[in-house]
Amino acid sequence: MVKSTATPLQTDVVTDVKPSGLLDTEANALSQSLRLILDAKHHDPFSYLGLHASGETFVYRTFLPNATDVWVKTSRAWAKLDKTHADGLFEWQGKTALKVPCLLKVECAGSSYESYDPYTFASSITQDELYLFGEGRLKQAYKTLGAQSVTQDNIEGVRFAVWAPNAERVSV
């Protein structure tokens with residue numbers, strides 16, 4: 001991933017108004033999280049990307065740097081996401097939660113494809129596996145780490161897990 005140098009998209013919105021009635025501390029935390037996502041240095045991207053409750057509304061965020069347009073499947077139809085940052089951050093807000101995992105339709109370089117957002121799946125590594133690995137007693141770590149074919153929420157895919165405690169970032 002390349003470090004972001006672009007600025008957020010320009011809008012006609014007054015800059016001192018915070019979205020959804022957020023407090024200053026919440027708005028600052030979101031701004032800090034966005035910067036870390038753009039720099040590929042966020043220690044917990046699941047806390048910012050994916051579906052989250054925000055007051056009485058729900059916010060869904062996805063980071064797709066090469067996408068020109070993104071839609072998310074709602075219970076009724078496809079809803080277009082707003083591009084909130086020029087580097088590829090897209091957001092949706094609504095009064096009802098989306099069905100997870102979220103199915104996306106992505107338009108990129110003149111073609112489109114559908115994909116499930118990995119940030120809307122629950123962790124597939126169990127607490128027992130994490131505990132045993134931390135203790136150094138996970139005897140078959142090869143079944144947990146690396147690339148593993150999995151079916152989660154009736155969706156087939158590949159989970160990739162890595163142990164890299166001193167890495168600044170990991171990309172697949």
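Readers should treat all values here as calculations from the given coordinates under stated rules, not as data from a laboratory. What you are looking at is a predicted structure, and each value in this text was computed from that prediction instead of being measured. Here Cβ is always computed from backbone atoms with ideal geometry, including for glycine, and neighbour counts include all displayed protein chains.
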Please give the peptides 136-148, 115-127 ranked by average Cβ packing (other Cβ atoms within 10 Å per residue), highest first, as a rough proxy for protection. 115-127, 136-148
In nm, give the distance between the simple-model label positions of A167 and T84, each being 7 Å from the Cα along the Cα-to-Cβ direction. 2.7
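Kindly give Rg over Rh for the range 41-80, based on alpha-carbon atoms, with the Kirkwood expression for the hydrodynamic radius. Don't jump to the answer; show the numbers that get you there.
On the way: Rg = 12.1 Å, Rh = 11.9 Å.
We get a ratio of 1.01 for the range 41-80.
Could you compute the net charge surrounding A79? Neighbours are other residues with a C-beta less than 13 Å from the C-beta of A79; K and R count +1, D and E count -1.
Values: positive: K73, R76, K80, K95, K99, K105; negative: D69, D82, E91.
With Lys, Arg at +1 and Asp, Glu at -1, the net is +3.
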What is the Cα convex hull volume of the range 32-100 when expressed per residue in Å³? 88
Under a point spin-label approximation (7 Å from Cα along Cα-to-Cβ), what is the D44-A29 distance to one decimal in nm? 0.9
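Please state the equivalent ellipsoid semi-axes for the range 70-115: what are the square roots of 5 times the Cα gyration tensor eigenvalues, largest first, in whole Å? It would help to have the intermediate numbers written out before the result.
Working: eigenvalues 68, 39, 13 Å².
Taking √(5λ) for each eigenvalue gives 18, 14, 8 Å, largest first.
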Semi-axes, largest first, in whole Å: what does sqrt of 5 times each Cα gyration tensor eigenvalue give for the range 55-172? 31, 17, 15
Using a cut-off of 13 Å between beta-carbons, work out the net charge of the residues near K105 (Lys and Arg +1, Asp and Glu -1, K105 not included). -2
If Lys and Arg each add +1 and Asp and Glu each add -1, what is the summed charge of the other residues whose beta carbon sits under 13 Å from the beta carbon of R159? -2
